[in-house]
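Presented below is the structure to which this report refers.
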Amino acid sequence: MNNRKQQLEAFSRLLDIMDDLREKCPWDKKQTFESLRHLTIEETYELGDAILNKDLQEIKKELGDLLLHIVFYAKIGSETKDSSSTLTSRFDIADVCNEICEKLIHRHPHIYGDVVVADEEEVKQNWEKLKLKEGKKSVLEGVPKGLPALVKASRIQDKVKGVGFDWEEPHQVWDKVQEELQELQEEVTAGNQDKIEAEFGDVLFSMINYARFLKVNPEDALERTNKKFIKRFQYLESKAGELGKPLKDMTLAEMDVFWNEAKKM
């Protein structure tokens, strides 16, 4: 492993390269906060895939891509504000680092102060309380509006738990799931589409909440199932190809044979 001096040298090298690219590369010169945004989101998902695959080499690569984006944003932030920008002040990578350092120190009084905590739950509760003291009007202000709905539901539940709004026992959450399923079935029977959608959303929200009590990340769990389904379906496609028979011409019983083979594999 690299020592601290080598780590700092590597980071400095990246900053130097970023300076060169911003000055000399036609593509890098044109980039803005807005043009990089969708690329950053893609890189984040690619990192997520690498983590689920437990691929350390790929995780290292994707972390590098994300680090490049952070450095890129800081570089753009350090440049002179033009008339079309809504930014009120410039910043550079040192400002970014110092900002997060100050936040971490402030929000970890059990490390950098005299606060005593018993476990990680108390740490999370203190974190939310400190954010409210910093001027936030709601604990839910920190949940990005653009998050995918499943991830957003999980973050919402984490946030409100931090201020004590939570069930006491897992069986209470499971009872709530059963209640929501019953209400969904009633609306399905009644055939009211708007209410069916509303109740379906309640079922999902309850299941995501139950996942938290089971210490399961619902996003990770669903993505693992996605990957499992894709692998099995592609096996089915390959077997159909070996038979020279399009899937649409196969019966469900024929497909099921290969599907079960894939499950055993």
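The values are calculated or read from the model by the stated rules, or taken from the named source; none is laboratory data. In this text, all values refer to a predicted model and were calculated from it rather than measured experimentally. FYI the Cβ positions are ideal-geometry reconstructions off the backbone, even for glycines, and counts take in every protein chain you see. Keep in mind that these areas ignore ligands, DNA and RNA; they rest on the heavy atoms of the full protein, side chains included. Shrake-Rupley method; radii C 1.70, N 1.55, O 1.52, S 1.80 Å.
Heavy atoms of the protein chains alone define the surface here; on that basis segment 110-151 has 74 Å² accessible area per residue at 1.4 Å probe size. Taking Cα centre as origin and charging only the Cβ of basic (Lys, Arg, +1) and acidic (Asp, Glu, -1) residues, the dipole magnitude of the chain rounds to 760 debye. Computed from backbone phi with θ = phi - 60° and the Karplus coefficients 6.51, -1.76 and 1.60, the 3J(HN,Hα) list for segment 34-44 is 5, 6, 8, 4, 5, 5, 5, 4, 4, 5, 5 Hz; x is used for glycine and proline. Considering only alpha-carbon pairs that sit under 8 angstrom and 6 or more positions apart, the relative contact order computed for the chain is 10 percent.
For residue 145, the aspartates and glutamates whose Cα falls under 16 Å of its own Cα, not counting residues fewer than eight places away in the same chain, are 158. Any idea what angle helix 56-78 forms with the longest principal axis of the chain, computed on alpha-carbon atoms, 0 to 90 degrees, nearest 10? Orientation of helix 56-78: about 50 degrees from the principal axis.
Taking packing as the residue-averaged number of other Cβ atoms within 10 angstrom, the listed peptides 157-163, 28-34 run from highest to lowest as 157-163, 28-34. For segment 149-265, the carbon plus sulfur part of the accessible surface works out to 56%, probe radius 1.4 Å. With the cut-off at 1.5 for a/c, could you classify the chain from its C-alpha gyration tensor as rounded, prolate or oblate? Note, shape of the chain comes out oblate. To the nearest ten degrees, helix 218-243 and the longest principal axis of the Cα atoms of the chain are 60 degrees apart. Here the Gaussian network model covers the chain, with springs between Cα atoms less than 10 Å apart; of 27, 127, 167, 27 fluctuates the most. Straight-line cross-link reach from residue 61 at under 17 Å between alpha-carbon atoms covers these aspartates and glutamates, not counting any fewer than eight positions away in the same chain: 42, 43, 46, 49.
Per-residue ellipticity at 222 nm, computed for the chain from helices alone with -39500 (n - 2.57) per DSSP H run of at least four residues, works out to -24500 deg cm²/dmol.
In the chain, a dipole from Cβ-located charges (positive for Lys and Arg, negative for Asp and Glu) runs towards its positive end, and of 108, 142, 222 it is 108 whose Cα lies farthest in that direction. Our note on the geometry: Cα centres of segment 179-198 and segment 112-129, 41 Å apart. Pairs with C-alpha atoms separated by more than 19 Å, drawn from the list 29/75; 30/75; 231/263; 133/159; 131/215; 215/264, are 131/215; 215/264. For the chain, the longest principal axis of the Cα atoms and the long axis of helix 193-213 meet at an angle of about 70 degrees.
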